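Step one of this worksheet: look at the structure below.
The values are calculated or read from the model by the stated rules, or taken from the named source; none is laboratory data. Remember, it's a predicted structure, so these values are computed and weren't measured experimentally. Every residue, glycine as well, gets a Cβ built from its backbone with ideal geometry; the counts of neighbours run over all protein chains shown. Areas reflect the complete protein model, heavy atoms only, side chains present, ligands, DNA and RNA absent. Shrake-Rupley method; radii C 1.70, N 1.55, O 1.52, S 1.80 Å.
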Amino acid sequence: MGTREFDSIIEAALREDMPHGDITTDSIIPPNARSEAVFLAKEDGVLAGLDVVHRVFEKLDPSVIFIERFRDGAAFRASDALARVKGPTAAILKGERTALNFLQRLCGVATSTRRYVEAISGTKARILDTRKTTPGLRALEKYAVKTGGGNNHRLSLSDMVLIKDNHLRQAGGVTEAVKRARAKIRPGVRVEVEAGDLLQVREALAAGADMIMLDNMTLEMIRQAVSLAAGRVPLEASGNMTLDRVRAVAETGVDFISVGALTHSAPAVDISLEFKP
């Protein structure tokens, strides 16, 4: 991961935490004090975001030494030391919370994603993320999804056409919406249509959609949609995707399963920064 592309996010997070400096550290810690600390896992998880953590400390003081013990994408266990940081004590203290906020959040997304990916292992389906991300952190959270073994859907509204229910209401139906989109977009841009029932699946197929999202359908409806499509276009199942249900959805034969919970509901992994005596 090229962390410099995330510099603006990191800088904003540091400004948020220290708008006028760290008055506690600046008043207590001598400028020449040096320390070593360890990022310690308090529970099992999947690692994502160490490069971002390293960059946090680089922004505060380039002399800080950062040593990885694990690589992004690796599974870790409670009590594992994930990385070490050595250098000016003030810089480590000032970066501690921002670094942990990024690391705990991104590990949480990667860990949640890995659970979904493992739940559908052996099927042809792949796990997709959504745009239900933390404002300002989308690129990082989608990186964590990929690190956990998932796949990114569109990064933004600019990437592809996704005609959803509200678009269909305004356009007057699937056929007209696809026609309007094709007339405006450049060649090569994909058009996906959200279908809430089998009639809309048929319309989307006839209209020439490149992909169809099966929204909140029952397992039986999804199976019928798979039969209707007969492999002509990829099908994405969406809505009410839980770990308990995702395997059954994958076994219907869909190509993709989108899971908003990967980013909007992933719990942070418990990780601490422990200073050595």
Six or more apart or on different chains, Cβ atoms under 7 Å: show the pairs whose first residue is in the stretch 219-245 and within 24 Å of Gly260 (Cα to Cα) and whose second is surrounded by 13 or more Cβ atoms within 10 Å (Cβ to Cβ) and of a type in the set (Asp, Glu). Val233/Asp210; Pro234/Asp255; Leu235/Asp255; Glu236/Asp255; Ser238/Asp215; Gly239/Asp215
If you check Leu243, Leu228, which single one turns out to be touching a Lys or Arg at 6+ places or on another chain (Cβ under 7 Å), closer than 15 Å to Ile127 by Cβ and open to solvent by 40 Å² or more (accessible area, probe 1.4 Å)? Leu243
Scanning the stretch 164-207 residue by residue, those of a type in the set (Lys, Arg) and more than 16 Å from Leu228 (Cβ to Cβ) turn out to be Lys164, Arg169, Lys179, Arg180, Arg182, Lys184, Arg186, Arg190
Among the residues of the stretch 241-262, write down those that are in a loop (DSSP other than H, G, I, E, B) and either over 16 Å from Arg223 (Cβ atoms) or not polar (S, T, N, Q) (or both). Met241, Thr242, Glu251, Gly253, Val254, Asp255, Val259, Gly260
Within the stretch 192-223, the residues that are among the polar types (S, T, N, Q) and in contact with a Gly (Cβ under 7 Å, 6 or more places away or on another chain) are Asn216
Could you tell me whether any residue of the stretch 131-147 is more than 18 Å from Val259 (Cβ to Cβ), open to solvent by less than 70 Å² (accessible area, probe 1.4 Å) and acidic (Asp, Glu)? no
Taking the condition of being outside any helix (DSSP H, G or I) and either hydroxyl-bearing (Ser, Thr, Tyr) or on the phi < 0 side of the Ramachandran plot (or both), how many residues in the stretch 2-21 meet it? 4
